[in-house]
Amino acid sequence: FMFKKAMAGLTPQQLWHFDTFGYFIVRGALSSTEVAQFNAAIDANLGDFCERKDALRNSKRPAFAGDGSTGRLDCGKMLNWASPHADPFRRLLAHPKLVPILASLVGDGFRLDHAPLCFMQKKGAEGFDLHGGACKADGSWYEELAYDFRNGRPYCRLLAMSLALTPTTDPKDGGFIVMPGSHKSNLPLPEDIAACTGEAAALLHRPVIEAGDVLFFTEAATHGTAAWTRDEDRRVVLYRYAPGTMAYGRAYQDWSTKDLDGFTDAEKAVLLPPWHNRLDRPVVSSDGETLSTSVKYKRAEDKKQFDKDTYGTEFF
């Protein structure tokens with residue numbers, strides 16, 4: 001079967017689970033030492049977290065409201081923190097264990113889309129109403145989030161990679177929820193399911209996730225977050241990835257103007273703006289332990305010179 005070669009970063013079970021349900025979990029992807037580094041960095045920079053209040057809350061529906069006042073705490077400044085606090089967040093951009101999975105689900109030349117996000121939920125904190133999905137509310141195709149499977153492999157236009165820094169050991173705790181198989185839906189989400197009431201709530205998957213587990217899900221799957229009920233804070237690092245030719249968010253416009261001194265070649269490659277691989281795009285790869293960055297598809301020098309002569313710019 002063709003995925004044996006094309007999907008070197010995924011086991012057959014992971015590929016089946018992702019294509020069938022729209023998500024899968026890599027258990028113990030990061031070590032307890034790595035998780036401790038993330039948590040220590042967060043503890044040292046709690047002042048950078050902003051609470052979602054009032055109209056900024058992610059929950060508009062009662063099922064996700066929590067205690068009605070405690071908001072989620074968000075931070076997107078981690079890559080700019082001083083060392084050593086920024087280091088684990090930078091490494092996560094292109095982690096050797098995770099790069100093969102990203103390449104299998106998004107493709108060679110994958111790039112970070114959206115700014116990176118770290119968020120926390122304290123006890124009683126709001127969740128996030130069900131969102132994403134293959135269809136918009138009017139039934140039209142959600143092209144920006146689309147998932148497809150062709151010629152033996154998956155294609156994600158927007159892939160989420162979520163690292164758990166604290167456990168969700170009981171579905172009653174709250175945390176990530178997803179409507180399995182919704183990434184292939186051809187109809188908008190029914191209101192009773194969106195409200196997460198009655199029998200509709202039982203349709204959702206609420207996976208148990210341990211600290212160090214990494215959850216991958218396509219944004220084409222309808223998903224959300226249940227309000228947090230556990231005494232211990234929930235901590236998550238969320239990165240979104242897109243193919244090298246695509247962009248949903250605009251964060252790359254900021255990164256293109258920043259000094260990336262101290263970032264590795266692989267990390268810099270992941271932060272690049274969108275353009276096609278065949279135009280000298282650096283591609284990050286890994287054997288699961290060692291990273292490499294190379295230009296797999298080089299544009300001929302005479303063509304590049306012709307571009308300059310024709311357009312008067314470095315690139316066309």
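The values are calculated or read from the model by the stated rules, or taken from the named source; none is laboratory data. Everything numeric in this text was worked out from a predicted model, so none of it was measured. All Cβ positions, even for glycine, are placed from backbone atoms using ideal geometry, and neighbour counts span all protein chains on display. The area values use the complete protein model at the heavy-atom level, side chains included, leaving out ligands, DNA and RNA. Shrake-Rupley method; radii C 1.70, N 1.55, O 1.52, S 1.80 Å.
Can you confirm whether the stretch 174-182 contains a residue that is open to solvent by 20 Å² or more (accessible area, probe 1.4 Å), assigned to a helix (DSSP H, G or I) and either of a type outside the set (D, E) or farther than 25 Å from R235 by Cα (or both)? No: zero hits. Before we move on, is R153 crowded, with 16+ Cβ neighbours inside 10 Å, farther than 25 Å from G47 by Cα and at pLDDT below 95? Yes; evaluated as a whole, the condition is true for this residue.
Considering the conditions (1) within 19 Å of I25 (Cα to Cα); (2) open to solvent by less than 10 Å² (accessible area, probe 1.4 Å); (3) in contact with a Lys or Arg (Cβ under 9 Å, 6 or more places away or on another chain), A125 is excluded by exactly one of them, (1). Residue pairs whose Cβ atoms lie under 8 Å apart, separated by 6 or more positions or on different chains, with the first residue in the stretch 74-95 and in a helix (DSSP H, G or I) and the second charged (D, E, K, R), are L79/R90; P88/E34; R90/E267; R91/E267; L93/E267.
A count restricted to the stretch 274-305 and to residues that are open to solvent by 100 Å² or more (accessible area, probe 1.4 Å) and either in a loop (DSSP other than H, G, I, E, B) or touching a strand residue (DSSP E or B) at 6+ places or on another chain (Cβ under 7 Å) (or both) stands at 5.
Just name the residue that is nearest to the chain's Cα centre (by Cα) out of those in the stretch 221-241 that are in a loop (DSSP other than H, G, I, E, B) and within 29 Å of S69 (Cβ to Cβ). Let's see the steps before the verdict.
Kept after step one, since they are in a loop (DSSP other than H, G, I, E, B), are these residues of the stretch 221-241: 221-222, 227-233.
Now restrict to residues that are within 29 Å of S69 (Cβ to Cβ): 222, 227-233.
On the way: T222: 14, A227: 20, W228: 21, T229: 24, R230: 24, D231: 26, E232: 24, D233: 21 Å.
The extreme case among them is T222.
Restricting to the stretch 185-220, what's the tally of residues that are among the hydrophobic types (A, V, I, L, M, F, W, C), touching a Lys or Arg at 6+ places or on another chain (Cβ under 9 Å), modelled with pLDDT of 95 or more and part of a loop (DSSP other than H, G, I, E, B)? Here the count works out to 2.
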